[in-house]
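Read the structure below first, then the notes.
What follows draws every value from the coordinates through simple rules; no lab data is involved. What you see is a predicted model, and the numbers here were worked out from it, not measured in a lab. Cβ placement follows ideal geometry from the backbone for every residue including glycine, while neighbour counts extend to all protein chains displayed.
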Amino acid sequence: MAIDYDKLDAANVTFPTKKIPVPMLKDFFPEGEEPEWEIKSLTGMEIALVEESAERVKVLKGAMEAFAKGTVKGFKDGYDELLNQSADATPETYMRWISLVRYGSVPQCPEHIAVKLAHSNGGMLRRLAHEISVMSAMGANLGE
């Protein structure tokens with residue numbers, strides 16, 4: 001039997017959320033509130049942005065290197081310093097974790113906060129990213 005596209009079109013779409021305990025961040029939650037980071041399943045567009053996150057840094061670095069050829073070498077050095085490392089040394093997995101936590105947090109996590117968390121508590125960021133990946137693989141709730 002073929003899929004009923006009309007029924008699928010009419011179905012409500014809700015993205016599930018989940019709260020992950022983050023006791024190491026208790027100082028950043030209101031007093032008396034459980035330190036829990038709320039995450040959600042990603043949309044297709046967000047998944048694509050996550051998958052392309054490492055590639056965007058490579059493209060930007062390539063553009064800066066092309067611009068820096070010749071007399072503007074200092075610009076490239078400044079760019080590398082801004083990133084605190086060369087883009088070639090930035091693992092794609094790291095960029096993916098940053099993007100997963102950025103897009104999968106409720107509310108959305110600012111990128112610089114995700115980077116700070118990656119630097120200060122990489123294991124926690126990795127767990128959040130993993131949980132977001134699992135939820136996203138299961139997808140949204142259709143028709144509930």
(request) Step through the residues of region 136-142 one at a time and calculate ³J(HN,Hα) from phi using the Karplus curve (6.51 cos²θ - 1.76 cosθ + 1.60, θ = phi - 60°), rounding each to whole Hz and writing x for Gly and Pro. (result) 5, 5, 7, x, 7, 8, 10
(request) Starting at the first residue of region 121-129, write each ³J(HN,Hα) from the Karplus equation 6.51 cos²θ - 1.76 cosθ + 1.60 with θ = phi - 60°, in whole Hz, x for Gly and Pro. (result) 8, x, x, 5, 4, 4, 5, 4, 4
(message) Along the Cα→Cβ direction, 7 angstrom out, place labels at Ala11 and Glu52. What is the inter-label distance in nm?
(response) 2.6
(message) Can you list residues from other chains, or at least 5 along the same chain, whose modelled amide H is less than 5 Å from the amide H of Ile20?
(response) Trp37, Glu38, Ile39
(request) Would you kindly state how much longer the chain becomes between Met24 and Glu111 on full extension, computed as 0.36 nm times their sequence separation minus their alpha carbon distance, in nm to one decimal? (result) 29.4 nm
(message) At R0 = 25 Å, how high is the FRET efficiency between His119 and Asn141 if r is their beta carbon distance? Nearest 0.05 is fine.
(response) 0.10
(message) Using a 10 Å cut-off around each Cβ, can you sort Arg96, Arg102 from fewest to most neighbouring Cβ atoms?
(response) Arg96, Arg102
(request) Could you tell me the distance between the Cα centroids of region 30-56 and region 105-134, to the nearest Å? (result) 7
(message) I'd like the Karplus ³J(HN,Hα) series for region 18-23: coefficients 6.51, -1.76, 1.60, θ = phi - 60°, whole numbers in Hz, and an x wherever there's a Gly or Pro.
(response) 8, 10, 10, x, 10, x
(request) Treat the count of other C-beta atoms within 10 Å as a stand-in for reagent exposure and order Leu49, Leu42 from fewest to most. (result) Leu49, Leu42
(message) Can you list residues from other chains, or at least 5 along the same chain, whose modelled amide H is less than 5 Å from the amide H of Leu42?
(response) Ser136
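Return the loop-located GluC sites (Glu not before Pro) in region 20-50 (DSSP other than H, G, I, E, B) with at most 12 other Cβ atoms within 10 Å of their own Cβ; answer none if there are none.
Listed in order of number, the matching sites are Glu31, Glu33.
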